[in-house]
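Only one structure is covered here, and it is reproduced in the block below.
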Amino acid sequence: MAIQLNDRDHLIFKLIDEHQVLLEKHISWFISGDDKPVLIRDRLRKLFYLDYLLCHRHATKLPWWTTPTKPLVYMLSSMTRSVSGLAEEEIDLFDSDVQRHLLEVANIRMLFLVGVRDTQIREFEWTTCKLKNGEARGLDAKAVFRCGDTAHRVGIMNHPTIAETLVPSIESSLQDTGIEKILIVSRDDAHQVQLQKALAGASSMVRNRCLFATHHELYRTGIVVSNWQSCEAISSTAFKPAATTDKSWTSPMMAAAPMMSTTSMMAATPIATSMMSAVSITA
């Protein structure tokens, strides 16, 4: 059975090619700017059944994915790459570690869009930095946005490896891309502390322009309100003056790994309830 591909289908293909792998929730936010993926889900299912998309369940636990089942990952099929004139991928997208990294980067983009919806962020632009074989990993993405009257240009590094190349990579990014700060997001507190210690002896340019947070912290409070830290583990106010509310948006699904101290505080966080709904289709 053939279908007539529409503009939205080609946009889906373009977004998946940009991020290499995506979840249904990501695609819904990138296209619609909301957390109601019903129409997107139906279309993704049809595109998968007709071999335009590949779909399978991710193999590992994502730090911000708190539903009982692991999420479904969408990738482009060879047929779609041929139809859309897109080159074949140079990296193994079925590798769970590769997928995990790419999905985490896509999730950060989605959190920026949540900030746009909640009027904490405006004039938001995102650029994904695709990794190819043989390249040293530097920035994973760049973002331009405004909080209130302040414009920000940031680079984003997702869970970078602590190695001798890390500081030179950060210095090069700060010098060559025109960004003001680098947001470094870790999967857990232990890795964040190790990164902060590793960069504590770097140049003042690196120390003063790197901010740190974990995926759980970002998902719990959002990009703007999040407790970003400096290399010295001092809380930063880089984005907080623009925040219009002190609410956090923990979902009831976070109960398995509570981030707040009381039940009443959890009850006061309505925003994320719909955001992390489990993907209902199966590959």
Quick check: pseudo-label points 7 Å beyond the Cα along Cα→Cβ at ARG153 and TRP126, how many nm apart are they?
2.0 nm
Testing the spin-label approximation: label points 7 Å from Cα along Cα→Cβ at HIS56 and ALA200. State their distance in nm.
4.3 nm
PRE zone check, label point 7 Å out along Cα-to-Cβ of SER172, amide N under 16 Å, scope the stretch 103-132, hits 129-132
Just need log10 I(q)/I(0) for the stretch 119-246 at q = 0.09, 0.14 Å⁻¹, Debye formula, equal scatterers on the alpha-carbon atoms, no solvent, rounded to two decimals.
-0.24, -0.59
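Antiparallel versus total DSSP beta bridges in the stretch 119-246: what percent is that, nearest 5?
On the way: 14 of 24 bridges.
Of those bridges, close to 60 percent are antiparallel.
Laboratory data are not the source of any read-out in this text; all were calculated from the coordinates shown. These numbers come from a predicted model, not from an experiment. We place every Cβ from the backbone using ideal geometry, glycine too, and count neighbours over all the protein chains shown.
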